[in-house]
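A.B. asks: Here's a structure for you.
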Amino acid sequence: MDLFNFLKLQLPIINVINEYLALKRAGLYWKAPCPFHSEKTASFTVSPHKDIFYCFGCHVSGDVVGFIAKMENCSQIEAAKFLVEKYGLQPPKDTSFEFKKIAENIEEKNKYFILCQKVAQWCIRNLNDDFGAKKYLQERGFNQESLNKYTIGYFPSGSSNIKILAKELIKEGFLLQDLVQANIVMEGKSLYSPFEDRIIFPIKDSMGRFCGFGGRIFKDNDTRAKYYNSHENLYFNKGSLLFGLDLAKKDIQVKGHVFLVEGYTDCIFMSQRGYTNSVAVLGTSCTIEHLKILSRFTQVVYVLYDGDEAGRNAMLRLTQLCWEINLELKVICLVSGEDPASFLKKNGNLKELIDQAKDIYSFFIEGFGSNFSTKSLQEKLVVVKKITEVIKNINDPIKRNILLQETSIRLNIPFDSLKVEFENKDFKKKIISDKIVNKENFELSSSERDLLIAILEDFSLLNKDNFYIINYFSYYAREILLLLFELKSRDQSFDFNKLLLMLSEEHKQFLNKVFVEQESMGTKEFTKLVEQFKKKSWKKIAYEIKSNLIMAQKKSDYNEVKKLVLQFQELKKKFVDGDEI
């Protein structure tokens, strides 16, 4: 069996997409705001009966593999690998050599994840046995529920403890070299670990698989760097991981927004205070990849930054990136010297700050426009250019004008002057959406759609006797049926999935739109559908007969003329009841 068909049979599309989007039932379908373009109404539609999705806004469409490929920004084969791995499937034995190689990589990847999990469990046991480490966490305000929830542990010091860890792992089928390759243990004069004598925060991916560690010193006399994170590798990339996402993603979907913070402890304290829809970056600046991941679960992100100059600058940089993602970012400003953890430990009123959160663009304008009047002319020009360049990249024209007005007021610059800079002819606006599809070619009459669906559900209905009706379909439908007829004539075992593989993306989008708009025709007779279609298409058919008649007369082909006249009279009598062309 083909790998992609296997996946579609094993994984109902509604179950997979529901892990990414907050789908709501709408009759036979399920709907949500589209994750691939900015919109206010839910035009992203999933048909569980056909195992396809289609967006009536941006026209993106596909099956379960196509959805993952689009969401994870990867190829179809990589998406297939992702699904096999995530759901623990056993693909059929007759899959391609390429996928067999991928399957081997999956096994290697799973081995790494299990190794990290075993190390995390060992650290948890060590935390329970170490009075000093546990006392430190209690004094910092971590409760037992959080220690369990985030699987916090302790990595004891000394080569003897590393040997104990290695001995335990050998029983599980691992080697000491596996720890070395994972950069958990290092080889020197003796074995050692950079995580020794640190509180351990295991890092998991969005699927809950252990993939790395963050370690924090806690003893007063420890002069090492405060935090140490796992080295990046094939399975651990800080720029595409968010601490706590595996635990928070359901709450993010339910609550409709997420809190993004800078560190592990900030995230944990947010969760302890009831903000269970919180995640953290891993000691790096927030990246576009982080925002893309969050956009799968919500459209609203509250960013909490430390109230110092570095935190403010980080937010200003983020503003220049976030226009690429379909997200509404809001900034929660903490006072200088405070981070979310310290603020909450002092019983700060976070709800009040949430209510006062600023749109990130307004925050950006305020940040760059501070002390604007005291700047030199050159500095002022630089500020204006930076602000207008960011605003230019916003798709919503109303929002662009509002922000230009805010900029005008904030910087005390005439609105018309800003407009001139904004509409600079040298600026070419980035088009985020994919290739624009001609909507007119997507539109079908009800009879045309009914007939097309009937043929696609039973290929045998399209034969030499009724082949001529293909000419009267609209552009995309006609091209699909012509291809179908040609392939069917060469291969009687040809099926719908093979047809899909041969279609362009535009034709697939068209086909998915048709199926989403209208389900199976059920017991409707094909002959009745053909007659209804011919009646609806009477003028088009009559025009073609008339054109062919003129051509036959010019060629003096009297047999063809006679045939066409009889055909015309029969159609006219049947469908028009005396009307003239």
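The values are calculated or read from the model by the stated rules, or taken from the named source; none is laboratory data. Just so you know, these numbers come straight off a predicted model, no measurement behind them. Here the Cβ is made from the backbone with ideal geometry for all residues, glycine too, and neighbour counts use every protein chain on show.
A.B. asks: Can you tell me which residue within segment 550-571, out of those that are surrounded by 13 or more Cβ atoms within 10 Å (Cβ to Cβ) and within 30 Å of S446 (Cβ to Cβ), is modelled with the highest pLDDT?
C.D. replies: For segment 550-571, the residue satisfying everything is L564.
A.B. asks: I need the full set of residues from segment 255-275 which are part of a loop (DSSP other than H, G, I, E, B) and farther than 16 Å from I152 by Cα, in order please.
C.D. replies: Result: G256, H257, E262, R273, G274, Y275.
A.B. asks: So, one more: Could you run through segment 472-500 and say how many residues are of a type in the set (S, T, N, Q), under 25 Å from F6 (Cα atoms) and modelled with pLDDT of 75 or more?
C.D. replies: Let us first name the residues in segment 472-500 that are of a type in the set (S, T, N, Q), namely 474, 489, 492-493, 497.
In the following step, the residues that additionally are under 25 Å from F6 (Cα atoms) were identified as 492-493, 497.
Remaining after also requiring modelled with pLDDT of 75 or more: none.
Residues that pass the stated criteria total 0.
A.B. asks: Within segment 176-215, track down each residue that is among the hydroxyl-bearing types (S, T, Y) and touching a residue at least 60 places away in the same chain (Cβ under 8 Å).
C.D. replies: Within segment 176-215, the subset among the hydroxyl-bearing types (S, T, Y) is 190, 192-193, 206.
Within segment 176-215, just S206 meets the criteria.
A.B. asks: List pairs: first residue in segment 485-511 and outside the structural domain of L444 (by TED's automatic domain parsing), second residue modelled with pLDDT of 75 or more anywhere in the structure, Cβ distance under 7 angstrom, at least six positions apart or on different chains.
C.D. replies: none
A.B. asks: Still on this model: For K219, which of the numbered conditions (1) in a helix (DSSP H, G or I); (2) of a type in the set (D, E, K, R); (3) more than 14 Å from N126 (Cβ to Cβ) fails to hold?
C.D. replies: Every condition holds for K219 apart from (1).
A.B. asks: Show the residue pairs meeting these rules: Cβ distance below 7 Å; 6+ apart or different chains; first residue within segment 344-363 and acidic (D, E); second residue not in a loop (DSSP other than H, G, I, E, B).
C.D. replies: That search, which allows pairs on different chains as well, returns D359/K330.
A.B. asks: Follow-up. State all residues of segment 238-251 that are part of a loop (DSSP other than H, G, I, E, B) and within 18 Å of the chain's Cα centre (by Cα); if no residue qualifies, say none.
C.D. replies: Residues of segment 238-251 part of a loop (DSSP other than H, G, I, E, B): 241-242, 244.
Within segment 238-251, L241, L242 qualify.
A.B. asks: Give segment 273-297 a look and list any residue that's over 25 Å from K345 (Cα atoms), in contact (Cβ under 8 Å) with a residue 60 or more places away in the chain and not charged (D, E, K, R), or say none. Break it down into steps so the answer makes sense when it comes.
C.D. replies: Our first condition is that a residue be over 25 Å from K345 (Cα atoms); within segment 273-297, this holds for 287-297.
Okay, now just the ones that are also in contact (Cβ under 8 Å) with a residue 60 or more places away in the chain, so 292-293, 295-297.
I293, S295, F297, listed by residue number.
A.B. asks: In segment 321-346, which residue that is closer than 28 Å to P33 by Cβ and assigned to a loop (DSSP other than H, G, I, E, B) is modelled with the highest pLDDT?
C.D. replies: In this case the residue turns out to be L327.
A.B. asks: Out of all the residues in segment 30-37, is one or more in contact with a helix residue (DSSP H, G or I) (Cβ under 7 Å, 6 or more places away or on another chain) and either closer than 16 Å to A79 by Cα or not assigned by TED's automatic domain parsing to the domain that holds L83 (or both)?
C.D. replies: Looking through segment 30-37, none of the residues is in contact with a helix residue (DSSP H, G or I) (Cβ under 7 Å, 6 or more places away or on another chain) and either closer than 16 Å to A79 by Cα or not assigned by TED's automatic domain parsing to the domain that holds L83 (or both).
A.B. asks: Would you call A280 over 29 Å from I152 (Cβ atoms), among the hydrophobic types (A, V, I, L, M, F, W, C) and at pLDDT 80 or above?
C.D. replies: no
A.B. asks: If the requirement is being at pLDDT 70 or above and not in a helix (DSSP H, G or I), which of these qualifies: I469, I413?
C.D. replies: Result: I413 is the single residue among I469, I413 that is at pLDDT 70 or above and not in a helix (DSSP H, G or I).
A.B. asks: If you don't mind, another one. Looking only at segment 149-179, which residues are exposed (fewer than 15 other Cβ atoms within 10 Å of the Cβ) and β-branched (V, I, T)?
C.D. replies: I164, I170
A.B. asks: I need the full set of residues from segment 131-151 which are touching a residue at least 24 places away in the same chain (Cβ under 8 Å) and touching a helix residue (DSSP H, G or I) at 6+ places or on another chain (Cβ under 7 Å), in order please. Can you show your working first?
C.D. replies: We begin by selecting, within segment 131-151, every residue touching a residue at least 24 places away in the same chain (Cβ under 8 Å); these are 132-133, 136-137, 140-143, 145-146, 149-151.
Passing the criteria: A133, L137, G141, F142, N143, S146, K149, Y150, T151.
A.B. asks: Of all residues in segment 286-306 being in contact with an Asp or Glu (Cβ under 9 Å, 6 or more places away or on another chain) and more than 19 Å from A22 (Cα to Cα), which is surrounded by the most Cβ atoms within 10 Å (Cβ to Cβ)?
C.D. replies: L304
A.B. asks: Test each condition in (1) at pLDDT below 85; (2) more than 18 Å from the chain's Cα centre (by Cα) for R273 and report the one that comes out false.
C.D. replies: It is condition (1) that R273 fails.
A.B. asks: Can you name the number of the only condition in (1) part of a helix (DSSP H, G or I); (2) within 16 Å of N233 (Cβ to Cβ) that N161 fails?
C.D. replies: Going through (1) part of a helix (DSSP H, G or I); (2) within 16 Å of N233 (Cβ to Cβ) one by one, N161 breaks only (2).
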